[in-house]
Structures are given as C-alpha cells and as structure tokens.
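Single-structure report; data block below.
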C-alpha cells in the first residue's frame with residue numbers, strides 16, 4: 001500500500017516484531033470522514049520468544065519518533081478476538097492491560113466511542129494519539145466519527 005508504513009525489529013537476520021500504519025479500511029467508520037490526517041495502527045506483532053522483552057513498546061516509541069507523526073490522528077482499534085489469548089494463557093483483561101500499557105508507550109490513550117464493534121465487548125477499546133499539529137476542525141471531525149450514534153434511542 002503506497003500510504004502504509006512498517007517498522008520492524010530484528011535480531012540479526014530474523015524479524016522478531018513489526019508495527020504497521022495505514023489509512024483506515026474503507027469498510028470501517030474511521031474512513032467515513034475522508035480524513036487524510038487519520039491513520040490506523042494496523043498491526044503490532046512480536047514473536048513469542050521476544051514477548052515481554054519490551055520489543056513492542058520500543059517499536060511504538062521508535063515509530064513515534066518520526067516528526068511526521070505529529071501531522072496525524074493515530075488510532076488503534078483493539079478487539080479481544082485478535083489477541084493471542086491461547087498462546088499467552090492470559091485472560092481478556094490481563095491481555096487488555098498489556099495492550100494498553102504497550103500502546104501508552106507510543107503515546108496512545110483510551111478514547112470513548114460508540115463504534116458497534118468496539119462496544120460489542122467491554123475489553124475492546126479505541127486508543128488514540130493526536131499529533132501536535134492537528135487542527136481543531138480535524139479533532140471535531142474525528143469526534144463526530146467516534147460518536148456517530150449519539151442521537152439514537
């Protein structure tokens with residue numbers, strides 16, 4: 001994808017982790033605002049042998065060192081069904097806590113939303129980092145995306 005970016009962590013010639021950023025999927029609500037300054041953390045993965053080593057946190061920290069990231073609202077949609085619960089032996093709340101701490105290392109924090117997929121389970125969440133150069137109009141457009149069902153009863 002021409003708009004995507006990927007940052008890898010490697011141990012010699014072996015990729016041990018990566019983080020990707022891209023524009024939101026056209027089928028998701030986050031693309032409906034047609035915002036050029038809204039990108040999604042598409043994936044972050046670390047191989048089992050390197051989990052717990054800080055690799056994920058460092059991938060996020062390094063990716064946010066790029067000054068260009070200050071021009072974006074960066075989101076991640078965390079869904080428990082994407083998590084490696086079986087491989088880690090963690091329950092959804094333990095895994096959620098780890099994911100939240102890792103995302104915090106990159107400056108992403110929890111944001112409320114009425115997105116149906118996120119709202120479908122209490123462990124799911126939206127995490128966001130708003131770049132320093134994001135204007136108020138973009139923040140308002142993003143808020144409208146976060147709460148599209150605000151007036152439904």
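Every read-out reported here was derived from the displayed coordinates using simple, explicitly stated rules and does not represent laboratory data. Remember, it's a predicted structure, so these values are computed and weren't measured experimentally. For neighbour counting, all protein chains shown are included, and Cβ atoms are generated from backbone atoms with ideal geometry for every residue, glycine included.
Modelled spin labels at residue 121 and residue 3, positioned 7 Å past Cα toward Cβ, are 2.8 nm from each other. Helix 92-105 axis versus longest C-alpha principal axis of the chain: approximately 80°, rounded to the nearest ten. Kindly list the residues of region 46-61 that lie in the label zone of residue 90, defined by a backbone N under 16 Å from the point 7 Å along the Cα-to-C-beta vector. Inside the label zone: 46-60. Over all projection directions, the Cα-based convex hull of region 1-67 averages an area of 5.7 nm². On C-alpha positions alone, give me the angle between the axis of helix 55-64 and the longest principal axis of the chain, in degrees, nearest 10. Value to nearest ten degrees: 50. May I ask for the angle, rounded to the nearest 10°, between helix 136-146 and the longest principal axis of the chain, with both axes built from Cα atoms and the value confined to 0 to 90°? Between helix and principal axis, roughly 80 degrees. Sorted ascending by nearby beta carbons within 10 Å, beginning with the fewest, 57, 97 become 97, 57. Compared with the direct C-alpha span, the chain from residue 104 to residue 137 gains 9.4 nm at full extension, assuming 0.36 nm per residue. Exposure proxy ranking for 62, 16, 46, based on other Cβ atoms within 10 angstrom of each Cβ and starting from the fewest, stands as 62, 16, 46.
A value for Cα extents along the principal axes in Å was derived from the coordinates, and within the list [x] 49, 35, 24; [y] 55, 35, 30; [z] 105, 37, 23 it appears as [x]. The spacing between region 87-113 and region 16-63, judged by their C-alpha centroids, is 13 Å. If the segment from residue 149 to residue 97 were pulled out straight at 0.36 nm per residue, it would be longer than the present Cα-Cα gap by 16.0 nm. Per residue, the average separation of C-alpha pairs within less than 8 Å and at least 6 apart gives the chain a relative contact order of 22 percent.
Ordered by the count of other Cβ atoms within 10 Å of each Cβ, fewest first, 50, 142 give 50, 142.
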